[in-house]
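*Asks:* Let me begin by handing over the structure; questions about it come next.
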Amino acid sequence: MPIFLFEYFGGNIIKDLKINDEIRDNKLRLIDEDGSQIGVVSKDEALDIAYDKQLDLVLMSPNAKPPVARIMDYGKFKYDQEKKAKENKKKQKTTQTKETRFSLNIEDHDLATKANQTKKFLNNGDKVKVSLRFKGRELGHKNLGYDVLDKFMEFVGDCAQVDKKPAMEGRSLVLFISPKTEEK
């Protein structure tokens, strides 16, 4: 069973392939550097062809019958793979879940301030968890909590959509919202 080495690069794992004398198979299906197939040859013959061209023999598909090897500049190949991995990492969009917390007895101006901060989170593309915390006897008046969340959604409604409707989680009433997507 072949053993592969893995290199950890910038959050991505790049597989180190077997090259030149590390290859243990006697017969290989050989592919030239321009992509054309040479055919099934012995390992020694493949190594001679690669050395004549001053390139490396790289085992690309070890589980195939016969294993597939390619003649290429391995250093350049590995560099290109790392470059692609770096580009893919740059293109990834990461979203965070931010949280806005307030209590049942919040005034309208304070609620507007919390809504403005939530709008900033939404404009950055983040999802927001809105938590309304109940204290003591307030748990007996959950309907007032729903009213406060409705008022909050009036403030942020132009740039937010509800992901998960308000639900009780312990002593908190929780609502999940995300940036509004443009519908066509």
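Residues checked against (1) of a type in the set (S, T, N, Q); (2) within 37 Å of the chain's Cα centre (by Cα):
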site: 32; (1), (2): no, yes
site: 37; (1), (2): yes, yes
site: 43; (1), (2): no, no
site: 64; (1), (2): no, yes
site: 78; (1), (2): no, yes
site: 116; (1), (2): yes, yes
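*Asks:* Return the total of residues in segment 68-93 being assigned to a strand (DSSP E or B) and either hydrophobic (A, V, I, L, M, F, W, C) or over 18 Å from residue 34 (Cα atoms) (or both).
*Replies:* Total satisfying the criteria: 4.
*Asks:* Could you say whether any residue in segment 59-70 is closer than 22 Å to residue 172 by Cα, touching a residue at least 24 places away in the same chain (Cβ under 8 Å), surrounded by 12 or more Cβ atoms within 10 Å (Cβ to Cβ) and among the β-branched types (Val, Ile, Thr)?
*Replies:* Within segment 59-70 (the criterion being closer than 22 Å to residue 172 by Cα, touching a residue at least 24 places away in the same chain (Cβ under 8 Å), surrounded by 12 or more Cβ atoms within 10 Å (Cβ to Cβ) and among the β-branched types (Val, Ile, Thr)), the answer is no, since none of the residues qualifies.
*Asks:* From the list 90, 127, pick out the single residue that is basic (Lys, Arg), over 21 Å from residue 169 (Cα atoms) and open to solvent by 70 Å² or more (accessible area, probe 1.4 Å).
*Replies:* Numbers: 127 fails: over 21 Å from residue 169 (Cα atoms).
None of the others qualify; the one that does is 90.
*Asks:* Further question on the same structure: Are any residues in segment 143-159 at pLDDT 90 or above and touching a strand residue (DSSP E or B) at 6+ places or on another chain (Cβ under 8 Å), and if so, which ones?
*Replies:* 145, 146, 148, 149, 152, 153, 156, listed by residue number.
*Asks:* On to the next question. Mind checking whether some residue in segment 40-53 is outside any loop (DSSP other than H, G, I, E, B), open to solvent by 30 Å² or more (accessible area, probe 1.4 Å), of a type in the set (Asp, Glu) and more than 30 Å from residue 26 (Cα to Cα)? Can you show your working first?
*Replies:* Our first condition is that a residue be outside any loop (DSSP other than H, G, I, E, B); within segment 40-53, this holds for 40-52.
Applying the additional criterion that residues be open to solvent by 30 Å² or more (accessible area, probe 1.4 Å) yields 40, 42-45, 48-49, 51-52.
Cutting the leftovers down to of a type in the set (Asp, Glu) gives us 44-45, 48, 52.
Checking which are more than 30 Å from residue 26 (Cα to Cα) leaves us with none.
Taking every residue of segment 40-53 in turn, none turns out to be outside any loop (DSSP other than H, G, I, E, B), open to solvent by 30 Å² or more (accessible area, probe 1.4 Å), of a type in the set (Asp, Glu) and more than 30 Å from residue 26 (Cα to Cα).
*Asks:* When the residues of segment 169-183 are filtered to those that are within 19 Å of residue 144 (Cβ to Cβ) and surrounded by fewer than 13 Cβ atoms within 10 Å (Cβ to Cβ), which remaining residue is farthest from the chain's Cα centre (by Cα)? Give the steps one after another, and end with the answer.
*Replies:* Taking segment 169-183 first, the residues within 19 Å of residue 144 (Cβ to Cβ) are 169-175.
Adding the requirement that they be surrounded by fewer than 13 Cβ atoms within 10 Å (Cβ to Cβ) leaves 169-170.
Values: 169: 29, 170: 31 Å.
Restricting to residues being within 19 Å of residue 144 (Cβ to Cβ) and surrounded by fewer than 13 Cβ atoms within 10 Å (Cβ to Cβ), the top hit is 170.
*Asks:* Mind listing whichever residues of segment 101-160 are over 12 Å from residue 178 (Cα atoms), touching a residue at least 40 places away in the same chain (Cβ under 8 Å) and assigned to a helix (DSSP H, G or I)?
*Replies:* Residues satisfying the conditions are 108, 111, 112, 115, 144, 145, 148, 151, 152, 155.
The values are calculated or read from the model by the stated rules, or taken from the named source; none is laboratory data. Here the structure is a predicted model, which means the values were calculated and not measured. Positions of Cβ are generated from backbone atoms using ideal geometry, with glycine treated the same way; all protein chains shown enter the neighbour counts. Heads up: the accessible areas ignore ligands, DNA and RNA and are worked out on the full protein's heavy atoms, side chains in. Shrake-Rupley method; radii C 1.70, N 1.55, O 1.52, S 1.80 Å.
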